[in-house]
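A short reminder: the numbers here are calculations on the coordinates, not readings from a lab. Computed from a predicted model, the values in this text were never measured in an experiment. For neighbour counting, all protein chains shown are included, and Cβ atoms are generated from backbone atoms with ideal geometry for every residue, glycine included.
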Amino acid sequence: MSYIPPYKRQSKDPDRPSPIPESLPPEFRRNLDSSSSKSNQGRSFKIGYAGRLVYLWFAVGLDDNSQFPSSVHLEPVPMELIERKYWGRPLALANRNPVESAQVGGNCMRKPWESFAENVLPNLLSSFENVRNEMVCQKLESVKPTLIARFGKIHFLSLSISQETTAMDLAAETTLRKLRRSFYTIVPNSFVENIMGEVGRKIKFDFEEEKDLYHVKLSDATQPDSTLSCKCSVIKEHKKLHLCKVELNPVRHMVVDASCLDKSLDLRLVLYTMGVLTTLTDEEMESIRNLINSAVLDPDVKGGLRWPLGYASSGNRFSVVEVWHTIAKVYKSPSMRLKVRHADRFDFRTSTGEASRDISLKVKNIVSLLQEEIVEISSVSEMLKDTLRLIWDLML
């Protein structure tokens with residue numbers, strides 16, 4: 001099955017928005033309608049979101065009656081930093097017997113990644129169509145859409161749920177959907193080691209490069225909803241930063257979170273766009289460079305950078321709000337790009353810092369298919385299933 005992107009269609013009403021691909025099967029359209037109604041939940045002002053954001057959560061590994069296995073429950077996450085960030089202890093789904101859960105899921109007609117793909121596909125098609133609409137209407141040639149998979153743990157945030165709440169009440173999907181959620185991307189060392197071993201042993205990824213970068217994030221008083229991200233390398237002989245690129249913060253068009261009941265980690269798929277700023281004046285760029293040049297490299301502080309008193313802002317326009325020092329190893333294949341990254345970061349707004357390792361997988365082949373003039377839905381569906389099956393095999 002195929003559909004024609006909106007700018008190729010003949011329409012009686014050229015101003016009518018088309019958030020849902022018209023040629024999608026009815027069951028896909030019903031699924032998409034139900035998820036889009038929740039698209040405004042869980043937003044953060046630190047991250048850019050599209051006006052038609054699709055924000056969806058579901059569980060993978062339910063039994064034949066779409067119920068949670070009896071071994072699944074919610075338990076508090078014992079991490080002080082997260083409690084301080086969210087002003088309360090978050091909860092995470094835990095499985096006392098993941099083997100049993102996997103066997104229950106195995107009795108279903110569909111494999112877990114097939115169920116995942118069927119939930120994701122209509123949202124992905126719709127979101128990508130919205131991206132193409134924006135790129136065509138606004139002539140945003142420098143904006144590149146990206147589909148990325150991230151590994152971590154979904155945290156459910158609620159002050160009204162106590163530890164005495166029964167497992168049956170907690171593991172009700174309707175209850176979980178009402179809770180605020182966050183996706184915690186820090187993964188255990190065992191998972192990193194497993195990924196690296198699988199990449200070398202089974203998957204045909206080639207080492208591409210190692211990147212050592214500082215990311216200085218700036219607020220702009222003229223654009224309070226945006227954040228500028230300055231990618232910087234280090235000039236070692238001068239112990240100074242070199243500004244490589246200034247980008248707008250990513251704009252998310254689709255966020256799909258999946259609680260993977262037979263795995264120790266959960267999965268997030270994100271479709272986002274990011275554009276390189278080309279409209280800054282020479283005076284604006286000079287202000288940004290002055291901020292970057294005044295940074296002091298200091299391995300003893302979170303984020304690896306500090307500023308002398310009074311130098312973390314430039315007039316009334318730009319101010320440093322966050323710094324990241326990242327060291328990443330990048331591996332590539334013809335269809336995907338794997339990044340294993342150590343990040344040391346500090347948030348000036350909350351005065352909190354954190355060091356972590358995370359893993360992301362950029363899915364290039366699906367984006368290439370979606371960028372074709374006529375998109376074959378069946379081809380995208382099969383490629384999505386194959387990609388999710390590979391991801392499933394990587395997860396612990």
Exercise. Within 10 Å of each residue's Cβ, count the other Cβ atoms and sort 254, 336 from fewest upward.
Key: 336, 254
Quiz item: In whole Hz, what ³J(HN,Hα) sequence does the stretch 322-331 give by Karplus (6.51, -1.76, 1.60; θ = phi - 60°), x for Gly and Pro?
Solution: 7, 9, 10, 10, 10, 10, 10, 9, 10, 10
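By counting other Cβ atoms within 10 Å of each Cβ, how are 129, 283, 322 ranked from fewest to most?
Numbers: 129 23, 283 8, 322 20.
So the ranking, lowest neighbour count to highest, is 283, 322, 129.
Determine, for 215, 253, 342, 238, the number of other Cβ atoms within 10 Å of each Cβ, and report the residues in order from fewest to most.
238, 342, 215, 253
Using the beta-carbon distance between residue 235 and residue 92 and R0 = 30 Å, what value does 1/(1 + (r/R0)^6) give for FRET efficiency, to the nearest 0.05?
Working: r = 43 Å, r/R0 = 1.42.
Plugging the Cβ-Cβ distance into 1/(1 + (r/R0)^6) gives 0.10.
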